[in-house]
Structures are given as structure tokens and as C-alpha cells.
Amino acid sequence: MQIPTKYSASDVESKWYDYWMKHNYFHSEPDNREPYTIVIPPPNVTGVLHMGHMLNNTIQDVLIRRARLQGKNACWVPGTDHASIATEAKVVAKLKAQGIDKNDLTRDEFLAHAWEWTHEYGGVILEQLKKLGCSCDWDRTKFTMDVDMNESVIKVFVDLFNKGLIYRGYRMVNWDPEAKTTLSDEEVIHVERTDKLYYVNYKIEGEEGFVTIATTRPETILGDTAICVNPEDERFKDLVGKKVLVPICNRAVPIIADDYVDMEFGTGCLKITPAHDVNDKAIGDRHNLEIIDILNEDGTLNSFGLHHEGKDRVAARMDVAKELEALGILVKTEDYTHKVGTSERTKAVIEPRLSDQWFLKMGDLVKPAIKAVLEDEEVKLYPKRFNNTYRHWMENIRDWNISRQLLWGQQIPAYFYGDGADDFVVAESVETALKLAKQKSNNPQLTANDLIQDKDALDTWFSSWLWPISVFDGIRNPNNPEIEYYYPTNDLVTGPDILFFWVARMIIAGYEYKGEKPFENVYLTGLVRDKQRRKMSKQLGNSPDALKLIEEYGADGVRVGLLLSSAAGNDLMFDEDLCNQGKGFANKIWNAFRLIQGWDIADIEQPEASKVAIEWYQSKFQQALTEIEDHYSKYRLSDALMGIYKLVWDDFCSWLLELIKPDYQKPIDARTYMEVNNIFEENLKLLHPFMPFLTEEIWHYITVRTPEEALIIAKYPKIESYNERLISDFEMVKEVVSGIRTIRKDKNITFRETIELSVLNNENLSEKFDSVIKKLGNISKMESVSNAVEGALSFRVQSNEYFIPISGNINVEEEIKKINDELKYIEGFLKSVQSKLANERFVNNAPEQVLQNERNKEADALSKIETLKASLASLN
């Protein structure tokens, strides 16, 4: 079989992905094997592949491919999230471009457009993941709006309502005026910004005096229903009980006293606008104040805004400030830095808004989830430092606002049959709702037409918190074979930014609906940033096109590039050069394979050097495998890859292949050839999870394979005992070879020219390594001596001394001068190191590692000086 001279990633990738799909390697069904299960963090159905997805899904694929090689029944469930806010925004924009207003459509008409958009554009990201090599069980692809998934969500809502955990309340909520929906506390991102603080005079009714308040939002003055002072504030005690006139609208409102007011902040007088501030609402409730909402749902002012009606809140703020100034009651303005809540999705500034919403009580639900992570460690977070973040959120959790003013999503299964606040029932179907409504209202004449279903949809996270259970139909059919086999899943790979939104809630749902954890380990990746440590974003233009990277560097190159720089939980500083490094690694492996396949084979005796080299590499492989598996167990995938990288690039290519390589135009012995191919196959098994395409290609070039013998389902290497002494001795051999090469380079002795080598073997290094040293150093004669050799160049490795006779083309005087110069430099360096170590203050204050480094420098310098002096003595 002709092996191409260059590795063509694009040709190879499409070929092998089609082959894997054709032979159904990714698909899993319950059997008698140990299951290994991952559920994908479902990307938004609106999404396209970006660097964060690339990192996250590469890690998942590495884990799933390794498990498959280990003989486990590997199941990676893919899918997408319906992403209520993002998808509805996309559909509304599309309709607007067609001249259609969402508000002119019925719910069913809008949903028809949403489904049409989803079928046309949704799920693109899953096809893109295939380009990366992701080996998901595509037959199991789920969508959070699938019929069975919808039914699971509705079933859970009804169950939690019947348990008294879901309730409807008129509360102050987070309102996104751009998306026109409520948000949970976790979906509000607080950003620091500088605004103007306006100082405004309110005239005291019936008097000439004023009180001054400070506000960042003068437009909300039109919703003021009181002025509040601290009851202990002597400045205002005489004013409590009086009234002031609200500027512009001239509404008389009371001056009240409440402990909430901070006497030191602003002027000590607080304007109270119960409809637009959660703290003002609490004060308003305590003092029975009127509630005046001045805003429409889109953030424009309503009729309470008077002549500012219809203006956007920001524009109205400027105009009201100008009006206050014109009235002569704007005392001053100053810059004020504070934190403002913004929508995690639309970035719009959040409005506190009073509204009827649905809430889930979290107080008792979180207890098993807290215990699972922080006490019993049934669920482990990697890195562990995220336990503190998890604790803070879980122990300060508030009830979850689960209703959204959207059409796209699971419609809340509450059915109203009257005008009373309690005139509703909750049920999985209209038929059941009608029966319950008849009973509750004591009205057997009710019909389905009398029922009006709540128009709101559920929070997207209320469906995705069930993901590890619902993908195996564990809500509707809690004892079905699939949920019993695959649950709990093994590993979850996700970002720390959704530790609260998703991870914690899945743990809560797992204990509520399965009585156990949803997964064993949570691997939290870092954020992908650019070289300037900036988060990648479209706005900054610093996020590369993921598919173009794959096109340029190959999927394997990009996977390696991403993982080489991605330590668990730490942000990844992405540099495209890393992908080029990954591509270079792929080429190195390909060229090593071509080198081996290019050798002629003969039935001749195995050289001693080859025998030693094979024996050494087999031990080295086992040592590396032990370390690599330890890295895997601690989710240090970057370290695992680096271990494989060094094993293949350094130990296999640079040392083993050089040692077994036959002389020019000579054949390799059959035994060594067979053994190196076996070793190469073991290397490919280690590499496969990280570089699936390249390794499968080479695997099938080594020999013809049946589908049952494909690398993707081969047997992963097992850890076995290894010869540590052999490995440590070989490290010494490497230093010897390096010493010989250094002398050859310094003295311009070509490698074609053989040299002799004498050794003062104080370390008792085994003579079996002589063949290795002779081959790699091109040594014609090697002998052991009991004394230093006169008139020879020398170098030291540990306590061994090595001597190379001076050949005729070396100028002895020049050599003596060069050694003296180097000796002078090393002695100066030693003096500076010893000066540091003699400094008591330095020794007492420096970290132990720094001290040890200095002591190592001292020892190395002393050894070098001894070797140089020995060389001088020999030359003299």
C-alpha cells in the first residue's frame, strides 16, 4: 500500500468519520459491560461552533474515546437547548424583516414560525462538532423541546406544585425590557459603571423649605410615593409626618421614617418608588404606600410619565434632568460609580418590576445537593477550589423565578377558570385540568372552553436541569432499563460560568427525582481568552473562526493545540501557534511512521543496541502510562497530553528510532521491526483520544484491518510493572551521548568520523549500554580504564569520566585557551552563587525551592570546574 509523503488532514478526516458512522461505533445500548456515560452540555439551538465549544467538546471526546478503548460501553448523548430568549429574538427579527409583528400573531402561529426557523437553522452546531471528530451517539440526539422532553418538564412542574414547592406570587422580579421577560437572579450580571448622581429639591407642602434627595434615576421621580428618613436622624425629626410635592407632577407624598435609611449616604433623605426598587418595595409594604409603575414592558414611560410618555427610560432620564434644571430644583450632579444589574443574554439594564410570576421554593431542595458536594463528596468538582463558589451560592439561594414572558418554550401547565387569584389548577393535560377545575370550583358545568392556560413559558433552565435524567426518559418512566443502566452518568464537562445556572440545579434535580447524584465528577474548564487575556467575543473581533482553524491545521492539530494550553479550571490563553504546534506533531508522527515503513527487512540477528533500546522503551512507556493515567484521574488532561507528546516526540522519535535505525542502505532485522511496530501501535492507542483521525489512518496502514479491528475499539494499554533502574541508567546514557555530541560539535569532528571513548566507570554503569553509546556516538572503540587518560578531551556524567583522544585536527593551544576562558567564567558564576548562600538574610528569607535551586547551581558549577581542570591537566 502506497503511503503518501504528506499527511492530508482534510482527506483523512472525512474518510474516517464516515467509516466510524457507517460501522456505528458511536452508538450504545445497555449490555453487560460497565457503562461510561457523558451528557453533552446542550448548546443553544441558535449557536455556531466557537472556541469555548471546541475546548469543551474536545475534552469530552478525549474522555469518551478513552473509555471506549478501555472496553467500557461508552455513551455520549448529544443535543441542543431550545434557548427561549435567544431563539425567540432570532424568530422575531426574522418576522420583522418580513414585515410581520409578533404581536399580530396567535401563539400557535408564532410557534409555527419558531419551529420552521429551528428546523432550518437549528442544530448547525452539532454538524460542526462532527468536523472536530466528536464521537457522540447521534442516534440519541435530543432537543429540549422534543415531545418526550416537554412531557418530562410538565410532569416535574405538576409534581413540584402538588408538593407545595411551586407557587404563584406578585413579587418584585428582574425584568429584561429588551427580551420583555423576567429573569432569575442568576441570569443577572452586575457590572460596575459610572453614572450621574442628581441632587434634587422637593418642596415641603405648605412651607417655603425643601428636602434634598440624591438619585441616579430622575425619571422615576414620577413614581415616587414617599420621602424616607432615618428615625434617629436629628436633621429631619421635625419633618416626619409632613408632606412634600413630587417635582413635575406636584403629587403630595408623606415624609416617613424607617431604619433602612443610611444617614451617611447622599443627603440622608431617600425617595421611595415602590414599583421600581426592591428595597423601596419593602419600605412601601411596611408603610402601606401607593405603588405607581411608570414604565411599559419595553422600558418606555407610560401615562404616569405625563408629557414624557412614550420616551425610552434613558432618553427620559436626560429630559427629566433638563426639566428639573429649568425649574431651578436640580441642585447639582456628580459622578457616581456603582454596580448595575444587566441581562446575561441581551446585556440590557434590568428593571425591578412587580409582576405575577411562578416561583420554586429552593430552601429544602438544595440540602441534599449541598451535602453531596461539600460533605459526602459524592459529586466532585475539579478543580476543588470551585467548592467555595458552590457553597456561597447554595447557602445563599433564593426562590427561583421559573416563569418567562415568552412564547417559545414549555407553556406553564396552569389553567385559570375564574377571576380570583386562586382560581386556577395545575395539570399535565387539559382533560385532567378540567376535572380538577370542576372539583375545585364546585361547578360541574365548566367546559374546556372555560379554561385559559397561563400564557407564560418556563425558564429554559427548568428543562435543562433535568437533562441527565430526561435524555434517558427517567422522568416519565423512572424504572426503564436505560435510566437504570446509564444513570448516574460519569463525567460532566462544562464551564464554571454555568455552575449555578445548570450544574447545581442538575444535582438538585438528581436527588429529588432519582434519589442520587446525576454524575460523579464535574470537570470545569476555563474560559478561552486571547494572548492579551481578553475574553473572546464577536465585538472584540478576537475569536477565530473555528471551522477555518480545522481547515488550516486539521482537527487533530486544533485539538492538540487547545489541550496543550488548557489546565483544569484555568483560563486558556489561546494562541494560533499552538494549533500549528499540533499540526507539527501530527506531521512528526506521520514521518516517523513513513520512516519505519521505508526500511527493508531481513532475517538477521538483532543488534544488541536495538535489543537494549526496545527493552528501555517498553519500561519508559509503562512509566509514562502510569503518570498519564494519574493525570487522567485528576482531570489534568493537558498534563496527560504533554506526557504522551514527550513520550512520542522525545523518547520514541528522538531516541528509540535513532537507536534501531539500520545503517544506510542496510536492512533492519525482522525481530526489531516487529517489536517497533507493536510499540508504535501502543503509542497510537495512547494518542487516539487526542488525535483520532491521524491515528486511525496510520493504524490501517500498518496492516489490513477488519471493522472489528479498528483502532477506535482497540484495547487500551494496561499498566504493568517496569524496570526503574533501566530507565534511570538510560538517562545517564543520554547524558553520555549528549557529551560526545557536544565535543564533536565544539571540535568540528563530523559524525562520519569514528572516535574512540574511554570511561572511568565509577558509577558501575552496565556494559550492556556500551552498544547504545557506540551506535549513537559512532564510537569505533570503547574501553574501561582505571585512571584518567592523558592528552584527551574529557567530560563528566555523575561520577563517571569519559575521555576522547585528541585527533590531529585539534589545535591544543586554542583548546587550552578556550577551556581557561570557560573556567574563568564558571568560577565567577560560582563566586556569585556562593556569595548568595553566604548571605544570612537571603538564606533565612528565601523560599526553600529557591534555596535548593541555588545549591544545585553551586553543585553543578563545582562539578563543571572539576571536569574543566581535569581536561586542562590532560591537555597540558
Discussion item. So with the 1.4 Å probe, I'd like the accessible area per residue for region 179-232, rounded to whole Å².
Written reply: 36
Worksheet item: Does region 721-864 come out rounded, prolate or oblate by the C-alpha gyration tensor, with a ≥ b ≥ c the root eigenvalues, rounded set by a/c under 1.5 and, if not, prolate when a/b is larger than b/c and oblate if not?
Response: oblate
Worksheet item: For helix 576-597, what angle does its Cα long axis make with the longest principal axis of the chain, in degrees from 0 to 90 and rounded to 10?
Response: 40
Worksheet item: Roughly to the nearest percent, how much of the accessible area of region 1-107 is carbon and sulfur, given a 1.4 Å probe?
Response: 51
Discussion item. For Cα pairs less than 8 Å apart in space and 6+ apart in sequence, what is the mean separation divided by the residue count of region 206-348, i.e. the relative contact order in percent?
Written reply: 22
Worksheet item: Looking at (i) 1.22; (ii) 1.28; (iii) 1.00, which value of Cα Rg over 2.2 N^0.38 Å comes from a calculation on the structure shown?
Response: (ii)
Response to the item:
Placing +1 on each Lys and Arg Cβ and -1 on each Asp and Glu Cβ in the chain, then taking the dipole about the Cα centre, the residue among LEU301, VAL62, VAL91 whose Cα reaches farthest towards the positive end is VAL62
Response to the item:
Taking a probe of 1.4 Å and leaving out DNA, RNA and ligands, region 270-425 shows per residue an accessible area in Å² of 48
Worksheet item: Got the relative contact order for the chain handy, in percent, Cα pairs under 8 Å and 6 or more residues apart?
Response: 12
Worksheet item: ³J(HN,Hα) across region 321-332 via Karplus (A = 6.51, B = -1.76, C = 1.60, θ = phi - 60°), whole Hz, x for Gly/Pro?
Response: 4, 5, 5, 4, 5, 5, 7, x, 10, 8, 5, 6
Worksheet item: Using modelled backbone amide H atoms (1.01 Å from N, in-plane), which distant-in-sequence or interchain residues come within less than 5 Å of ILE40's amide H?
Response: VAL77
Worksheet item: Considering amide H positions built from the backbone, and no H for Pro or chain starts, which residues 5 or more places from VAL331, or on another chain, come under 5 Å of its amide H?
Response: TYR199, VAL200, ASN201
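Taking a 22 Å limit on the Cα-Cα distance, which of the listed pairs LYS745/LYS775; LYS531/LYS685; LYS361/LYS517 fall beyond it?
Listed pairs above 22 Å: LYS531/LYS685.
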Fill in: Surface accessible to a 1.4 Å probe, ARG171 within the full protein complex, Å²
110
Item to complete: Based on a Kirkwood Rh over C-alpha pairs, give the Stokes-Einstein translational diffusion coefficient of region 185-244 at 25 °C and viscosity 0.890 mPa s in µm²/s.
Response: 175
Fill in: Cross-link pairs beyond the 25 Å C-alpha cut-off, checked among LYS94/LYS180; LYS455/LYS514; LYS130/LYS514; LYS180/LYS311; LYS196/LYS339; LYS384/LYS620
LYS455/LYS514; LYS130/LYS514; LYS384/LYS620
Item to complete: Taking 7 Å along the Cα-to-C-beta vector as the label spot, tell me the LYS384-GLU29 distance in nanometres, rounded to one decimal.
Response: 4.3
Worksheet item: Of LYS22/LYS634; LYS781/LYS864; LYS380/LYS535, which pairs sit farther than 31 Å apart, going by alpha carbon to alpha carbon?
Response: LYS22/LYS634
Item to complete: Kindly report, to the nearest 10 Å², the accessible surface of GLU109 as traced by a 1.4 Å probe over protein heavy atoms only.
Response: 90
Worksheet, complete the sentence: In terms of the alpha carbon gyration tensor, root eigenvalues a ≥ b ≥ c, rounded if a/c is under 1.5 and otherwise prolate when a/b exceeds b/c or oblate, region 387-518 is prolate
Worksheet item: Points 7 angstrom from Cα along the Cβ direction at ARG741 and GLU297: gap in nanometres?
Response: 7.2
Worksheet, complete the sentence: In region 415-540 the accessible area split gives carbon plus sulfur, as whole percent at 1.4 Å, a share of 46
Worksheet item: Taking H as built 1.01 Å from N, whose amide H comes closer than 5 Å to the amide H of MET362, not counting residues under 5 places away?
Response: ASP399, TRP400
Worksheet item: Angle between the Cα long axis of helix 147-162 and the longest principal axis of the chain, 0 to 90 degrees, nearest 10?
Response: 60
Discussion item. Let me check I've understood the local charge: for TYR632, count other residues with C-beta under 15 angstrom from its C-beta, Lys and Arg +1, Asp and Glu -1. What total comes out?
Written reply: +2
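Give the accessible surface of region 1-145 per residue, rounded to a whole number of Å², with probe radius 1.4 Å and ligands, DNA and RNA excluded.
43
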Worksheet, complete the sentence: Computed ³J(HN,Hα) along region 366-381: with the Karplus parameters 6.51/-1.76/1.60, θ = phi - 60°, integer Hz and x for glycine or proline, the list is 6, 4, x, 6, 5, 4, 4, 8, 9, 10, 7, 6, 5, 10, 10, 9
Response to the item:
For the pair LYS371 and LEU837, the simple spin-label estimate (label points 7 Å beyond Cα toward Cβ) gives in nm 5.7
Discussion item. As an exercise, use a Förster radius of 45 Å and the Cβ-Cβ distance of ASP821 and GLU627 to find the FRET efficiency, rounded to the nearest 0.05.
Written reply: 0.60
Worksheet, complete the sentence: Full extension between LYS94 and GLU334 adds, at 0.36 nm per residue less the Cα distance, a length in nm of 82.1 nm
Worksheet item: Based on DSSP H runs of at least 4 residues, each adding -39500 (n - 2.57), what is the mean residue ellipticity at 222 nm of the chain after dividing by all its residues, to the nearest 500 deg cm²/dmol?
Response: -13000 deg cm²/dmol
Worksheet item: For region 281-297, in order, what is each residue's ³J(HN,Hα) by Karplus, 6.51 cos²θ - 1.76 cosθ + 1.60 with θ = phi - 60°, in whole Hz (x at glycine and Pro)?
Response: 5, 5, 5, x, 5, 5, 10, 6, 7, 5, 10, 10, 8, 9, 10, 7, 5
Worksheet item: What angle do you read, to the nearest 10 degrees and between 0 and 90, between the alpha-carbon axis of helix 430-441 and the longest principal axis of the chain?
Response: 40
Worksheet, complete the sentence: The relative contact order of region 743-863, taking Cα pairs under 8 Å that sit 6 or more residues apart, comes to a percentage of 21
Fill in: Share of carbon and sulfur in the accessible heavy-atom surface of region 672-747 [1.4 Å probe, %]
48
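The values are calculated or read from the model by the stated rules, or taken from the named source; none is laboratory data. Given the structure is predicted, the values throughout are model-derived calculations rather than measurements. Cβ sites come from the backbone with ideal geometry, for glycine too, and all protein chains shown count toward neighbours. Just so you know, the surface numbers come from the protein's heavy atoms only, side chains and all, with ligands and any DNA or RNA stripped out. Shrake-Rupley method; radii C 1.70, N 1.55, O 1.52, S 1.80 Å.
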